[in-house]
Structures are given as C-alpha cells and as structure tokens.
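One structure below.
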Ligand SMILES: C[S@@+](CC[C@H](N)C(=O)[O-])C[C@H]1O[C@@H](n2cnc3c(N)ncnc32)[C@H](O)[C@@H]1O
C-alpha cells in the first residue's frame, strides 16, 4: 500500500499504537492530533475511517505524532485547550489548565452566589483560566488576575482578548503580599510541587510546563496569610493543593483564624481544594 492510499482509520490505529508506548491516553491523543491536522472535530473522524489521507496530510500528522511521542503535551501542540465553558490559548508560557482546577472554580462560584458585583482576586493566574471562568460564569464579577511571570501575563492577555471577558491583569509577586482589596473572594492554584519532587513528575509536565508554575515552597501559606488582610469580613479563600497537602493546608487555615474550613475531592477522590471564610 503506498502512503498516498493509507486510510484515516488505518493511520489512526497505527498512531494510537505508537503513542500508547509513551502516553496513558494514546488513542485520545492520536484522535485529537488527527482532527487538528484535518481541521475537523474529533467526532467527525468516526464517519470517515475509509477516507484516504493525502501525503501532505500524512506528513503534517506524522510531525505532530512525533512531537507527542517526545512527551510534548497535546494541549501545547494544539495551541488551545478547553476549561469549563471556555477555549483558551495555551502554550509553554503557562501551565495547562487542569480538570481539578475546574472544581476550584466550582467552589469559588458557590461563594459568589447572591453577590451581584463581587470583587475577586486570582493569584497566579497563568493562562487566566480561573479568573476568566469566574468572569464568564458570574457576570458582574470584578475579577483581577495577578502573576509574577510576564510570559504568563502575556498569554492571559491573549485569552482576555479571545474571550472578550473583562478581567484585569497585573504583574505582581505574591511574596510582597496581595494587592488591592477588599475582596469577596481570593482564589489561587499556586505552585505547590516541592523542589525535591520535581524529578518525580511525568516528563510531559517536568520538561514542558514552566517550572515557576509548578515548583513553590510556601506560596500556599503566603497567600493564606496575606488574604486575611485583603478579604472582606465573611469573604472566602479557595485554594488548590497538591495530592496529600489538604490536611496540613486545612490545619493552617484553622490556625490563621479562617472559619468554615472545607476540603473538596477531585474526580479521582483525592482532596485537592481547601477553602475557608475570613
Ligand atoms: C499552578 S500555576 C496556576 C495557573 C492557573 N491559575 C491555572 O490554574 O491553570 C501557578 C501560577 O502561579 C504563578 N506564580 C508563581 N510564583 C508566583 C509569585 N511569587 N507571585 C505570583 N505568581 C506566581 C506562576 O507563574 C503560575 O502562572
């Protein structure tokens, strides 16, 4: 069979088998990359298995599959990724928004219910995912996102333009405290990987995502401390934490005088969100 006559179904199967060697989601990766190559929705591939791929399409697809086989995250290859109701630009300037962070947004929105124009601060905004999702799902919210990384802020600005949502972005280092206030809600998915654990991360994460977004010692506590000074009385702090960090973070919030300290699990049942009321 010449490469010009390879069918979509055959190529997909081969790519999927190849990616299964390096990815836990080989089939899904292969489908997403093929749909991207062909400018189609993934679901449309299933009605087109017999379609022959042109040599141009095959070459383009092989390039993307080779990048994925070298552990480059699919989201970075596609250049965009879904987060709650939004599709955001993503690239190596910032962390890829994760499904567990959608739960952070869910918890944050719970505390904004009934407040018409809440003031919200997202600390370490990255792509702007949390800030933008809150602005999208709580119209009227006045959301500010801060980050120490100029690269991340540039990407977040692209996402503000892409979504048309009103989020203010500021360059700010949380080690200097938190800016502005008073806020009804401070939310953050801070860097929480311990430096010693960097080597244990999957190469997809360790070798591609910005280390400033991953590694942090003390960021969670710094935010929780500083938030006591910028939250309105009764305002809420919602934090994403690493696997195994929920109990100590909840105790830390208790110690700082937060009330109603609650922990929420992710879809895998791991406690990943900790919140409290000032
Ligand atoms: C885990 S990422 C979260 C990104 C985004 N909020 C999300 O959930 O997808 C942490 C973010 O904190 C930022 N960051 C790290 N150190 C910081 C600091 N000292 N001050 C402010 N932001 C910081 C990083 O640049 C990164 O964008």
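For the range 41-76, how many residues are part of a helix (DSSP H, G or I) and in contact with a helix residue (DSSP H, G or I) (Cβ under 8 Å, 6 or more places away or on another chain)?
14
Looking only at the range 98-123, count every residue that is more than 9 Å from the chain's Cα centre (by Cα) and under 12 Å from residue 238 (Cβ atoms) and tell me the total.
Selection size over the range 98-123: 14.
Of the residues that sit in the range 243-261 and are closer than 29 Å to residue 200 by Cα and surrounded by fewer than 18 Cβ atoms within 10 Å (Cβ to Cβ), which one is farthest from the ligand (Cβ to nearest atom)?
251
What residue, among those in the range 114-123 that are surrounded by fewer than 20 Cβ atoms within 10 Å (Cβ to Cβ) and touching a residue at least 24 places away in the same chain (Cβ under 8 Å), is farthest from the ligand (Cβ to nearest atom)?
Looking at the filtered set, the residue picked out is 116.
Somewhere in the range 124-138, is a residue more than 7 Å from the ligand (Cβ to nearest atom), surrounded by fewer than 24 Cβ atoms within 10 Å (Cβ to Cβ), under 19 Å from the mean Cα position of the chain (by Cα) and under 20 Å from residue 225 (Cα atoms)?
no
Condition (residue is within 15 Å of the ligand (Cβ to nearest atom) and in contact with a strand residue (DSSP E or B) (Cβ under 6 Å, 6 or more places away or on another chain)) applied to the range 199-213: is it met by at least one residue?
No: zero hits.
Quick one: how many residues across the range 223-242 are touching a strand residue (DSSP E or B) at 6+ places or on another chain (Cβ under 9 Å) and within 16 Å of the ligand (Cβ to nearest atom)?
Total meeting the criteria: 11.
Between a residue in the range 209-238 that is without any contact (Cβ under 8 Å) to a residue 60 or more places away in the chain and under 18 Å from residue 98 (Cβ atoms) and any residue that is away from the ligand (no atom under 14 Å from the Cβ) and in a helix (DSSP H, G or I), which pairs come within a Cβ distance under 7 Å, given they are 6 or more apart or on different chains?
Short answer, once both residue conditions are applied: 220/249.
What are the pairs with Cβ atoms under 7 angstrom where one residue, in the range 172-197, is farther than 28 Å from residue 117 by Cα and without any contact (Cβ under 8 Å) to a residue 60 or more places away in the chain and the other, located anywhere, is more than 7 Å from the ligand (Cβ to nearest atom) and assigned to a strand (DSSP E or B)? Sequence gap at least six, or different chains.
Here the result reads 193/215; 195/215, each pair linking the range 172-197 to a residue that is more than 7 Å from the ligand (Cβ to nearest atom) and assigned to a strand (DSSP E or B).
Which count do you get for residues in the range 171-202 that are closer than 19 Å to residue 93 by Cβ and out of contact with any helix residue (DSSP H, G or I) (no Cβ under 8 Å at 6 or more places or on another chain)?
Here the count works out to 2.
Every number here is computed from the coordinates shown, using simple stated rules; none is lab data. Bear in mind that the values here come from a model prediction, so they are computed numbers and not experimental data. Please note: Cβ atoms are built from the backbone with ideal geometry, for glycine as well, and neighbour counts cover all protein chains shown.
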